[in-house]
Structure formats: C-alpha cells, structure tokens
Amino acid sequence: MPIEPLLRRLDRIAGGRAADHRVPVSSDPRVRRAFRVVTWLLIVCLLLGVATVVTAVALLASGAEVTFAVWMRCLVVLGITATLFYFLWRATAGWYWAYRRLQLFSRIFPIVALVLAAIPGLYPLWVITEQIVFAIVLIGVSDYLHADYMRDAFPKPGAAAG
C-alpha cells in the first residue's frame, strides 16, 4: 500500500489551508545544515523524553510516588517530539505547512514547558530540570528555523521565491 496518500490525508489535517503548498527543496547548504542540526536537537528532545520515562519507572519501582502530572508530562514530551519529527520530515520534503508548524511549535512548547515548570509543587525538581532543558533545546530549534535563509527557502503561498 502506498504510504504517500495516507500521509497527504494527515497533512491536510495538520496543514490546513497551506496543506497543498510545496516549495522546491532548497539546495542551499545552510538550509540542509539547519535541518541536520534540528534533527539532532529533536533527537536530544526524544532522549530527554525517554530518560524522563525511565526515571519515572525507576522511581516507581523503588517505591517513590510518581504523580499523575509527571506521567502526563512523560507522555506529552514524547508526543510533542513525535509530532515535531513528523513536521521536520515533511518540511525537508518541501511542505510549507510543515515548516510553519515546526516554527510555531518550537516557539510555543518552550513557553508552555517553562510556565508549567514555574507552577509551585506541580513537578518534582528532576522534572522541572527536564522541562527547562527541553525548553532550551526547542529554543535552539526555533533559532535555526527562523533564520533568514530558512524563511527564504519556504516562501509564503503566493509569494515569489527569493
């Protein structure tokens, strides 16, 4: 079964109005390098998520209490990271919507993580630390995605490529 038609259905849900706008894959080495760095940064996010789950399981196995909020955070970090990997994959194929979602979420998720980390008593210190590191890594992702050469590689629908 060809997977692209299934992916295009998912793209239409995630991409909204711009779901059909595709740009030529950039030959700019800075764009390729930025996507490589973003990939590695997202791998770091994935490893943080896995480490959080492993830590929670180890604490639970040792008899410590692991709250519902911590388990939710574990699931959310892994879900966010999976979503960002999908957006990255589709953006590297030239899908404008995926690039824009990657830009947007790499700006929003760090803010959410830091706000949640600041709520007294919601998380133990080790989860707060994970959230701060997660936010810093995503800020790095956002910095790469908002570079002028990246925005030039993904012109808005209807705009001439520069």
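Structural remarks
- Residue that is surrounded by the fewest Cβ atoms within 10 Å (Cβ to Cβ), among those in the range 124-137 that are among the hydrophobic types (A, V, I, L, M, F, W, C) and touching a Phe, Trp or Tyr at 6+ places or on another chain (Cβ under 9 Å): Ala135
- For the range 55-162, the helices (runs of 4 or more DSSP H) that sit wholly inside it and include 1 or more residues that are touching an Asp or Glu at 6+ places or on another chain (Cβ under 7 Å) and of a type in the set (A, V, I, L, M) are 148-153.
- Scanning the range 100-133 for residues that are free of Cβ contacts under 8 Å to residues at least 40 places away in the same chain and charged (D, E, K, R) turns up just one, Arg107.
- Gly121 open to solvent by 70 Å² or more (accessible area, probe 1.4 Å), more than 11 Å from the chain's Cα centre (by Cα) and closer than 30 Å to Val25 by Cα: no
- Within the range 68-99, considering residues that are among the β-branched types (Val, Ile, Thr) and touching a residue at least 40 places away in the same chain (Cβ under 8 Å), the one most open to solvent (accessible area, probe 1.4 Å): Thr92
- Residue count for the range 17-46, restricted to those that are open to solvent by 100 Å² or more (accessible area, probe 1.4 Å) and assigned to a helix (DSSP H, G or I): 6
- Flag if Leu59 is under 17 Å from Ile128 (Cβ atoms) and open to solvent by less than 60 Å² (accessible area, probe 1.4 Å): yes
The values are calculated or read from the model by the stated rules, or taken from the named source; none is laboratory data. For clarity, every value in this text was computed on a predicted model and none was experimentally measured. Every residue, glycine among them, receives a Cβ derived from its backbone with ideal geometry; neighbour counts consider all protein chains shown. Side chains included, ligands, DNA and RNA excluded: accessible areas come from the protein's heavy atoms. Shrake-Rupley method; radii C 1.70, N 1.55, O 1.52, S 1.80 Å.
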